[in-house]
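K.L.:
There's a structure below that I have some questions on.
The values are calculated or read from the model by the stated rules, or taken from the named source; none is laboratory data. Keep in mind that this is a model prediction, so the values were computed, not measured. For neighbour counting, all protein chains shown are included, and Cβ atoms are generated from backbone atoms with ideal geometry for every residue, glycine included.
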Amino acid sequence: MKRFFALMLSAAMCLSLAACGGNQAADTSTSGDTQTAESTGEKLKVGVCIYKFDDAFMTTYRNALQAQLEEKGYEVTVVDGNNDQAKQTEQINTFITQGVDALIINPVMTSAADSIIASVKQADIPTVIINREPTADQMAAYEKLVYVGCDAAQSGTFQGELILETENKGDINGDGKISYIMIQGDPENIDAKLRTEYSVKALTDAGMTVEQLDLQRGDWDRNKGQEIAQNDLAKFGDQIEVVFCNNDDMAIGALQAIQAAGRTVNEDIYLVGVDALDAALNEVVAGNMTGTVLNDANGQATQAVASMEDLLGGKTFAAGEQSIYVDYVKVTPENAQEYIK
Ligand code: BGC
């Protein structure tokens, strides 16, 4: 009898804790077919797959994701894909076997999206894809799947506008054309493709003539950004008026090469990136970068968690409505300080 009362008491305590806890992870577990955690009293499990840990932007992003998920009471496991799709596919399969309640995936290769989507669909696991956007057709295969990211074209347009807003609109030597080099991310990635295209399109749409001196893949990497800029500066010298980088890490590398070559940003060369990493924001404030574009890691993490909770709550997404975008923000010396963390 004593034992019975003890059990009743602990059951009552559990109930009252759940009632006043206001914990979204616990709340979510009460709806739909996600009663696993509710019935066992365990936390909901979330598996997070990051394409590689050694990426400055994705480090800020994954830290924000982990903090937000833990704060909401989820049991979170974050794994490093080491930029190896085969490895990430195994990690996804392991999460599926372990029976996670939801997955958040930053694919190594968007070309693997079909097989990733087929696996999570077969296992019936609500999934949020982040940062590397599959096509709408690929996502349409599974209604418990959403993409959370940004409209990459917008970041490219903002980069072009940053150049157009300079006193000579990027034509430093006044020869009637903007001569630039483009340091690209991984060209398989839609962010890299669209930033490359739209940064230049903003210039031509404004009626400017452009000359591409070089375009090379720097794979989002600071050292590669430095090497490419160094070689191009040696080869093209003063002809280079603008250095477009698809992200800030490569721009910081390029800045090292620019300074080593004795050039001065905003005087005889312009330099723009994307992400608004703290290191880049400091350079913008100091006048060593013309500008950058805020790629809102915290905002995207918040949206990814909210979308995951929608899915856990039983919401499904129709084809063509599976991409959720967070806005980019243009960053100049005037507003850069606001974004330093
Ligand atoms: C960011 C890059 C990052 C890449 C990873 C892009 O959106 O701008 O800095 O390396 O995502 O996929």
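K.L.:
Quick check on segment 69-76. Is at least one of its residues among the hydrophobic types (A, V, I, L, M, F, W, C) and crowded, with 16+ Cβ neighbours inside 10 Å?
P.N.:
Taking every residue of segment 69-76 in turn, at least one turns out to be among the hydrophobic types (A, V, I, L, M, F, W, C) and crowded, with 16+ Cβ neighbours inside 10 Å.
K.L.:
Taking the stated definitions as given, is T196 more than 25 Å from the chain's Cα centre (by Cα) and closer than 17 Å to S179 by Cα?
P.N.:
no
K.L.:
Also: Would you check if A229 is within 30 Å of N106 (Cβ to Cβ), at pLDDT 95 or above and touching a strand residue (DSSP E or B) at 6+ places or on another chain (Cβ under 7 Å)?
P.N.:
Taking the combined requirement at face value, the residue satisfies it.
K.L.:
Return the total of residues in segment 284-331 being of a type outside the set (A, V, I, L, M), within 16 Å of the ligand (Cβ to nearest atom) and crowded, with 23+ Cβ neighbours inside 10 Å.
P.N.:
4
K.L.:
Now for a different question. Using beta carbons and a limit of 6 Å, which pairs, at least six apart or on different chains, have the first residue in segment 142-163 and under 17 Å from A206 (Cα atoms) and the second one among the charged types (D, E, K, R) and buried (at least 23 other Cβ atoms within 10 Å of the Cβ)?
P.N.:
Close Cβ pairs satisfying both conditions: S155/R195; G156/R195.
K.L.:
Looking for whichever is in contact with an Asp or Glu (Cβ under 7 Å, 6 or more places away or on another chain), in a helix (DSSP H, G or I) and within 16 Å of the ligand (Cβ to nearest atom) here; the options are D219, D249. Which one fits?
P.N.:
D249
K.L.:
State yes or no: is V200 surrounded by 19 or more Cβ atoms within 10 Å (Cβ to Cβ), more than 12 Å from the ligand (Cβ to nearest atom) and either among the acidic types (D, E) or in a strand (DSSP E or B) (or both)?
P.N.:
Against the criterion (surrounded by 19 or more Cβ atoms within 10 Å (Cβ to Cβ), more than 12 Å from the ligand (Cβ to nearest atom) and either among the acidic types (D, E) or in a strand (DSSP E or B) (or both)), V200 does not qualify.
K.L.:
Same structure again: Being under 19 Å from N295 (Cα atoms), hydroxyl-bearing (S, T, Y) and out of contact with any His (no Cβ under 9 Å at 6 or more places or on another chain), is that true of even one residue in segment 187-196?
P.N.:
yes
K.L.:
Restricting attention to segment 252-308, report how many residues are closer than 21 Å to D55 by Cα and in a loop (DSSP other than H, G, I, E, B).
P.N.:
Qualifying residue count, segment 252-308: 7.
K.L.:
Given the conditions (1) more than 30 Å from S115 (Cβ to Cβ); (2) of a type in the set (F, W, Y); (3) surrounded by fewer than 23 Cβ atoms within 10 Å (Cβ to Cβ), which single one is not true for F158?
P.N.:
(3)
K.L.:
Looking only at residues in segment 163-188 that are within 16 Å of the ligand (Cβ to nearest atom) and within 23 Å of N231 (Cα to Cα), which one is surrounded by the fewest Cβ atoms within 10 Å (Cβ to Cβ)?
P.N.:
P187
K.L.:
Sticking with this one: Please find, within segment 132-162, the residue that is farthest from the ligand (Cβ to nearest atom) out of those that are of a type outside the set (A, V, I, L, M, F, W, C) and assigned to a loop (DSSP other than H, G, I, E, B).
P.N.:
E143
K.L.:
Any idea which of E267, E241, E211 is surrounded by fewer than 17 Cβ atoms within 10 Å (Cβ to Cβ), under 15 Å from S179 (Cβ atoms) and either over 22 Å from the mean Cα position of the chain (by Cα) or of a type in the set (V, I, T) (or both)?
P.N.:
E211
K.L.:
Confirm whether A153 is within 15 Å of the chain's Cα centre (by Cα) and modelled with pLDDT of 95 or more.
P.N.:
yes
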